[in-house]
Amino acid sequence: MFNFSKLGIPVIQAPMAGGINNPRLASEVSNAGGVGSFGFAYSTPQKISEDLAATKVLTKGPINANFFVFSPVDLPEQAIQEKAIEALKNLPIKGEYSVSVPQAPFYPNIEGQLNSVWEHRPEILTFHFGIPALSLIEKAHSLGITVGITATSLKEARAVEKAGADFIVAQGIEAGGHRGMFNPDEVDEKLSAMDLTRLLVKECSIPVVTAGALMDGVDIADALKSGAIAAQLGTAFLCCDESGASPAHKEFVLKHHSRGSVFTTGFSGRPARGIDNEFIQLMDGKIVLPFPIQNTMTASLRQLAGRANNGEYQSLWAGQDYSRTRRLSAQNLMMALKEELLIALG
Ligand SMILES: Cc1cc2nc3c(=O)[nH]c(=O)nc-3n(C[C@H](O)[C@H](O)[C@H](O)COP(=O)(O)O)c2cc1C
């Protein structure tokens with residue numbers, strides 16, 4: 001098990017799929033005493049290998065590789081497909097984009113992706129949306145890799161523990177990005193990060209990492225006081241100089257504070273929290289295809305918005321407290337977090 005107590009600062013820079021993580025960001029965080037992460041959910045084995053190899057040149061510190069546990073999915077009937085296409089066509093955005101229903105396979109093969117992890121052996125491997133095949137957890141352990149899995153409820157946490165994972169990432173309702181529920185059709189208990197942390201620390205026997213709207217050292221101290229071994233921060237790193245978030249994403253995080261953040265299934269087919277924008281408003285109540293089919297269907301639209309620097313049609317994933325995001329280098333952010341944490345812990 002990776003020794004979190006040896007970290008210079010008990011912070012995991014959250015995995016953030018979609019081009020936000022990169023070797024510079026991950027290595028700066030790791031060199032500053034935290035854990036740098038990669039959200040490799042949609043990455044090819046080659047890209048995963050390249051990123052992990054490039055990061056190893058930049059740091060000897062700990063790195064976390066993160067993957068989604070995609071559930072098998074079928075295309076809904078034709079009439080539903082047509083309604084979902086209709087909802088995405090003719091949105092009031094300038095420029096051309098295409099909308100078509102993808103063909104299977106709808107998501108990458110995790111065994112193929114993990115071959116790159118077995119080759120490069122980052123210290124930590126984490127999963128979101130569920131529990132991977134137990135053989136993959138065993139393989140990670142045989143290579144000395146520590147395994148963490150997201151839980152949003154006690155029921156999920158108990159399953160994580162039973163699967164033999166080493167730690168639980170307790171994701172509160174405030175967290176930016178995709179809600180890590182195993183089954184998004186189940187009732188969401190919507191526990192806050194701190195309530196969930198306290199519950200899991202009390203009820204589970206493996207360590208807990210807190211995630212959700214942790215923006216400064218005082219928040220990290222609260223997580224540690226609640227019994228967590230570390231804090232996972234996503235939004236706080238979005239506007240770092242090294243972050244690969246798009247310019248519009250950074251601008252909305254830093255300036256558009258009155259928008260607030262909301263959950264939408266419109267971009268990907270699964271609930272995710274992002275800054276409220278025109279796309280989310282227009283897609284409210286519309287038919288969407290299941291995850292990740294909807295994600296592939298909105299790719300061309302999101303790319304167009306990216307090229308045009310139009311934040312209204314990008315997925316601006318961000319946590320509930322995004323207005324407290326600072327614009328600093330990753331190293332300076334880590335230094336600030338450490339100073340604040342030391343003061344908060346007295
Ligand atoms: C832009 C963005 C992308 C994210 N992508 C992932 C991901 O690929 N895998 C994952 O496990 N969590 C992902 N998350 C969720 C984080 O792991 C974490 O739960 C969240 O960032 C914590 O809330 P905060 O953003 O308020 O700090 C993402 C979060 C954001 C903001």
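FYI, it's all coordinate maths here, none of it is from the lab. The shown structure was predicted, so the numbers you read here are calculated from the model rather than taken from an experiment. Cβ sites come from the backbone with ideal geometry, for glycine too, and all protein chains shown count toward neighbours.
What does the charge count near PHE267 come to, summing +1 for each Lys or Arg and -1 for each Asp or Glu among other residues with Cβ under 15 Å from its Cβ?
Net of charged neighbours comes to +1.
Using a 10 Å cut-off on Cβ atoms, rank the peptides 81-94, 64-77, 218-231 from the highest mean neighbour count down.
Highest mean packing first, the order is 218-231, 64-77, 81-94.
Using alpha carbons only, how many degrees (0 to 90, rounded to 10) separate the axis of helix 78-88 from the longest principal axis of the chain?
For helix 78-88, the angle is close to 80 degrees.
Rg and Dmax of the range 82-182, using alpha carbons, in Å: what are they?
18.1, 52
Could I have the simple spin-label model distance between ASP276 and GLN46, label points 7 Å from Cα toward Cβ, reported in nm to one decimal?
Each label point lies 7 Å from its Cα, and together they span 4.3 nm.
Take the chain, drop everything but the C-alpha atoms, weight them equally and run the Debye formula without solvent; then report log10 I(q)/I(0) at 0.06, 0.07, 0.09 Å⁻¹ to two decimals.
-0.19, -0.27, -0.45
Excluding residues fewer than 8 places away in the same chain, name every one of the lysines whose C-alpha is closer than 28 Å to that of LYS83.
Result set, ordered by chain and number: LYS94, LYS286.
Nearest 5 is fine: what % of DSSP beta bridges in the chain come out antiparallel, could you say?
20 percent
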